[in-house]
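Some notes on the structure that comes next.
Read the figures in this text as sums done on the coordinates, not as results from a lab. Quick caveat: nothing in here was measured; it's all calculated off a predicted structure. With ideal geometry, Cβ positions are generated from the backbone for all residues, glycine too; neighbour counts draw on all protein chains shown.
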Amino acid sequence: MRILISGSTGFLGTALIGALAGEGHAVARLVRPGTARRNAAGDRAQIVAWDPAGNQFDAAAAEGADALLHLAGASIADGRWNAARKDLLRTSRIDATRHLIGALAKLQRPPRVIVAASAIGFYGDRGDEALTETSAPGNDFLAGLCREWEAEAARGADFGARVVSLRFGIILAAHGGALPRMALPFKLGAGGRLGNGLQWMSWLTLPEVVHIVQFALATPQLTGPVNAVTPNPVRNAEFTRVLARTLHRPAIFPAPAFALRLALGEMADALLLASQNVMPSRLADAGYHFLRTDLAEALADAFRK
Ligand SMILES: NC(=O)c1ccc[n+]([C@@H]2O[C@H](COP(=O)([O-])OP(=O)(O)OC[C@H]3O[C@@H](n4cnc5c(N)ncnc54)[C@H](OP(=O)(O)O)[C@@H]3O)[C@@H](O)[C@H]2O)c1
């Protein structure tokens, strides 16, 4: 396959570009003005210039792609969600996706498959409710963002593409995503549960992300929103115990919800305190086999040097 990748220099993009190229796919990176033209994993990837903020797209270079893997978006966890940050989080996903899908629609032969990032933030804070792809969206900022982001990607169906929006859970890797920040207090001996610890955390490992993306690209019956999580979510208190054990550190300093809100504002509720008990129903129905479903094994893998 010839695969276009946006957001290729990020945490997921770097892992995916190497894995897909290693599988023999021809990978072409969508490169924004100012984005590094080379990265460690993708040195041999072709370059397709795009500027989502300036509505520019090199259509000639993109022509002939079979698939788009769309990962671009300003980081959700960097900086407090003030009005300017929220605006960037939205424009870099909703407007950028609208621009990209619109540009692909004008190609002589648009890609037949679009695999786009989304997040379980789609569901908001839902207590113990078991959430599947047919559950209603939540009603906070992140839920609204995910809903509109997915709606823009879904427009790829207008030119006949099969569109899969992967609602990623918490991705466990020692070098990126949320885990290094979660592990830091434990490494300093000051770790503990977050809030009351009852909130459900739905997770998956970085190799699982790669495997799920490969499965989504190759599985014709998979379409629409797909929960990208293992079938074994845990409560934060359990996650805390397993993380502490993995790092051989104590977990005796709970972080009260009010302190998290004071430090992080609205982000604390959406990213740390929200309860999301998410089931990978569509992956299971499509016959996907998980690489890791046990949290202790997943965390041991993540921190293994
Ligand atoms: N990591 C997770 O745990 C997780 C969980 C749920 C959902 N997701 C979603 O999955 C996607 C990839 O995640 P990630 O962890 O790889 O994110 P990341 O490391 O922050 O990378 C995202 C990439 O998006 C591009 N980007 C940054 N600012 C942008 C802007 N203003 N406009 C357009 N593109 C911009 C950059 O790539 P270029 O410079 O190459 O363009 C950046 O490397 C994101 O959309 C994220 O929200 C991630």
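Numbers at a glance
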quantity	calculated
Once the Cα gyration tensor of region 1-152 is diagonalised, semi-axes √(5λ) in Å	27, 17, 16
Equivalent ellipsoid, region 105-189 (semi-axes from 5 times Cα gyration tensor eigenvalues, Å)	31, 18, 10
Long-range HN-HN contacts of Arg32 with modeled amide H, under 5 Å	Trp50
Rough spin-label spacing in nm, given labels placed 7 Å along Cα→Cβ, for Arg181 and Arg245	2.7
Electrostatic dipole magnitude of region 190-305 [Cβ: Lys, Arg +1; Asp, Glu -1; Cα centre; debye, to 20]	360
Calculated FRET efficiency for the pair Ala259/Asp140, C-beta based, R₀ 30 Å, to 0.05	0.90
10 Å-binned pair-distance histogram of the chain (Cα, whole percent)	6, 28, 36, 23, 7, 1, 0
Simple Cβ-charge dipole of region 124-241, Lys/Arg +1 and Asp/Glu -1, about Cα centre, in debye nearest 20	440
In nm, spacing of pseudo-spin labels at Leu198 and Ala26 (7 Å Cα→C-beta vector)	5.6
Pairwise label distance in nanometres, Ala60 with Asp87, each label 7 Å out on the Cα-Cβ vector	3.6
For region 197-305, Kirkwood radius (reciprocal of mean inverse C-alpha pair distance, Å)	15.6
Loop chymotrypsin sites (Phe, Trp or Tyr not before Pro), region 47-112, which have at most 13 other Cβ atoms in a 10 Å radius of their Cβ (DSSP)	none
Area projected by the alpha carbon convex hull of region 136-226, averaged over all directions, nm²	7.9
Charge-dipole axis of region 1-154 as Lys and Arg at +1 and Asp and Glu at -1 on Cβ define it, positive-most pick from Asn82, Ala21, Ala61	Ala61
Residue (of Ile114, Leu272, Met182) at the positive-pole extreme of the chain, dipole from beta-carbon charges	Met182
Region 128-287 - convex hull of alpha carbons, volume per residue in Å³	120
